[in-house]
Amino acid sequence: MKQKENKFPEGFPLGRRFGLLMRLYFGALTKKLEQLDIDRHYSVLLLIESADVHCNQQYLSDILNIDKTAMVRMIDYLVEKGYIVRAVNPADRRAHRIQLTSKAKKALPRIHKAIDDLNGKATKGISSRKLKQFYADLNTVAENLTHEPRHTFIMNFEKVKSVHRK
């Protein structure tokens with residue numbers, strides 16, 4: 001059976017193209033990381049890892065451009081799975097610091113490797129010069145869209161049982 005090509009007409013919405021890429025990418029990433037007991041929110045762990053000691057919910061919400069409710073759900077999921085803890089900020093007892101657990105620290109090298117491998121496969125055949133420009137162009141598109149009036153959408157990733165593909 002011949003595999004379908006993902007070619008769309010020139011004027012096809014960018015969001016739909018990105019949506020397809022997102023599903024393909026995260027489907028492959030969760031497959032690579034299926035030995036972990038989490039199936040989403042890897043980027044939150046990476047952000048916490050790269051943040052200074054004072055990582056909090058607002059910092060994560062701002063970087064990911066998501067509302068507090070969605071961020072709380074993500075944090076709750078990672079707390080429940082034992083990857084992060086909320087610790088009271090001694091400087092402001094109303095605020096919480098978000099910290100990685102030893103379980104998360106042990107999983108992070110595997111997550112980094114899976115992302116590096118998948119990014120390499122996804123960008124295979126693209127020169128480093130073009131890739132650098134591609135990332136710059138993506139940043140420009142995101143910046144341009146931040147100024148557009150919009151409704152808020154919540155993307156709910158849920159792994160569904162399906163036929164395994166190579």
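The values are calculated or read from the model by the stated rules, or taken from the named source; none is laboratory data. Model, not experiment: these values are computed from the prediction. Positions of Cβ are backbone-derived with ideal geometry, glycine not excepted, and every protein chain shown enters the neighbour counts. In case anyone asks, the SASA skips ligands and DNA or RNA and just uses the protein heavy atoms, side chains included. Shrake-Rupley method; radii C 1.70, N 1.55, O 1.52, S 1.80 Å.
Search the structure for amide H atoms under 5 Å from the amide H of C55, placed 1.01 Å from N in the peptide plane, and list their residues when 5 or more places away or on another chain.
The answer is I98.
In whole percent, and with a 1.4 Å probe on the protein chains, what portion of the accessible area of the range 1-121 is carbon and sulfur? The partial results should precede the final answer.
Values: 4430 of 8110 Å².
Percent of accessible area from carbon and sulfur atoms in the range 1-121: 55.
How many Å² of accessible area per residue for the chain, probe 1.4 Å? Don't skip to the answer; put the middle values down first.
Numbers: 13000 Å² over 166 residues.
Heavy-atom accessible area per residue stands at 78 Å².
Could you grab the Rg to Rh ratio for the range 82-123? Cα atoms only, Kirkwood for Rh.
Working: Rg = 15.3 Å, Rh = 12.3 Å.
Rg/Rh for the range 82-123 comes to 1.25.
Taking only C-alpha pairs under 8 Å that are 6+ residues apart, what is the relative contact order of the chain in percent?
20 percent
Where Lys and Arg each count +1 and Asp and Glu each count -1, what net charge lies around T140 among other residues with Cβ under 14 Å from its Cβ?
Working: positive: K132; negative: D137, E143, E148.
Taking every Cβ under 14 Å from that of T140, the sum is -2.
In Å and whole numbers, how far do the C-alpha atoms of the chain stretch along each principal axis, longest first?
Largest first, the chain extends 57, 40, 33 Å along its Cα principal axes.
Taking the chain as the reference, fit the longest principal axis to its C-alpha atoms, fit the long axis of helix 128-146 to the helix C-alpha atoms, and give the angle between the two in degrees, 0 to 90, nearest 10.
Once rounded, one gets 70 degrees.
So between T140 and R73, what do we pick up on full extension, going 0.36 nm a residue minus the alpha carbon distance? If you can, show how the numbers build up before the last one.
Numbers: separation 67, 0.36 × 67 = 24.12 nm, distance 2.91 nm.
Taking 0.36 nm per residue and subtracting the Cα distance, the gain is 21.2 nm.
For the range 83-96, in order, what is each residue's ³J(HN,Hα) by Karplus, 6.51 cos²θ - 1.76 cosθ + 1.60 with θ = phi - 60°, in whole Hz (x at glycine and Pro)?
Going residue by residue, I get 9, 9, 10, 9, 10, 5, 7, x, 6, 8, 5, 7, 9, 10 Hz, with x marking Gly and Pro.
Among K32/K105; K7/K32; K81/K105, which pairs are too far apart, with a Cα-Cα distance over 21 Å? List each step's numbers first, then the result.
Values: K32/K105 18 Å; K7/K32 26 Å; K81/K105 13 Å.
Check vs 21 Å cut-off fails for K7/K32.
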